[in-house]
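Each remark here refers to the structure printed beneath this line.
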Amino acid sequence: MANEAAFLDPVLLAALVLSAAITLVAGYRVIVGPTTPDRVVALDVIGTNVVAIAALYAMFSARGLFADVALVLAIIGFISTITVARYVTEGDIIE
Amino acid sequence: MFDTTIAPTALARILDPVVLVSESGGPPTVGPIRGAVVVALVALGAFFLIVGTVGLVRLPDIYNRMHATSKATTIGAASILLANTAYFGPRGAGLVSLVGIVFLFVTAPTGSHMISRAAQRMGVDFAGDVTWPGASGDVDDPTESDGTEPADD
């Protein structure tokens, strides 16, 4: 690794483990959420957490490619949220 | 680090959009000050992600949960992407991360608003004895065409 700051790698690893753990905790709301919008909100939170995980992994592995992965995941998460909201409300997506 | 022998075309080359996006220059060398900034931003982002997830799990209602997640989680992810920018520099992956921050701040309230409107149309009630403000039970929804025209506030 080209990092001169040697304290950076343990911090990034801890943040990665923490983000993965709270993503699993958000899966609880996906499973037991009483209504469909609860599940959609929980999946939106999981998507945002995965964006953060991709950004953290970009720093952890020192490869800028994963910043593009984070951006594309954010776009797909937004499109899926809008799609599910429209499907729940209107009954179909493309009329 | 500044190159003191800047040619007249150097500024044009720096501001070239292709160079701005594509030239990341390999893994960056992070000194202690940049490392401290990155660690502070990552810690802030992880804190806000924890706040958002705890609000998602613990709050009693879909609307309350959305209130927690749509702000705290967005701030957390944006802080981690800003740490990404501080790590990779203002070009290449750092610029992509800045674009991601702008995208998150535009789209997260939009998606949250659409989900909450879908929940209201589905008839998801509030927790406890909370009611909508103003009217007794029904909501002014300008997108619903049945019934009377909603009055202005």
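The values are calculated or read from the model by the stated rules, or taken from the named source; none is laboratory data. Values in this document were obtained by computation on a predicted structure and should not be read as measured data. Positions of Cβ are backbone-derived with ideal geometry, glycine not excepted, and every protein chain shown enters the neighbour counts. We work out accessible area using only protein heavy atoms, side chains counted, and drop any ligands, DNA or RNA first. Shrake-Rupley method; radii C 1.70, N 1.55, O 1.52, S 1.80 Å.
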Scan segment A:35-48 and tell me whether some residue there is part of a helix (DSSP H, G or I), touching a Phe, Trp or Tyr at 6+ places or on another chain (Cβ under 6 Å) and either more than 15 Å from B:G52 (Cβ to Cβ) or open to solvent by 50 Å² or more (accessible area, probe 1.4 Å) (or both). no
A:T48: facing another protein chain (nearest Cβ under 7 Å) and modelled with pLDDT under 90, yes or no? no
Verdict on B:T53 being surrounded by fewer than 18 Cβ atoms within 10 Å (Cβ to Cβ) and either within 8 Å of chain A (Cβ to nearest Cβ) or touching a residue at least 24 places away in the same chain (Cβ under 8 Å) (or both): no
Single condition B:T110 does not satisfy, out of (1) β-branched (V, I, T); (2) open to solvent by 10 Å² or more (accessible area, probe 1.4 Å); (3) within 16 Å of A:D68 (Cβ to Cβ): (3)
As an exercise: evaluate B:I33 against (1) open to solvent by 70 Å² or more (accessible area, probe 1.4 Å); (2) at pLDDT 70 or above; (3) assigned to a loop (DSSP other than H, G, I, E, B) and give the number of the one condition it does not meet. (3)
Looking at segment B:56-96, which of its residues are more than 7 Å from chain A (Cβ to nearest Cβ) and outside any helix (DSSP H, G or I)? B:L59, B:P60, B:D61, B:G89, B:P90, B:R91
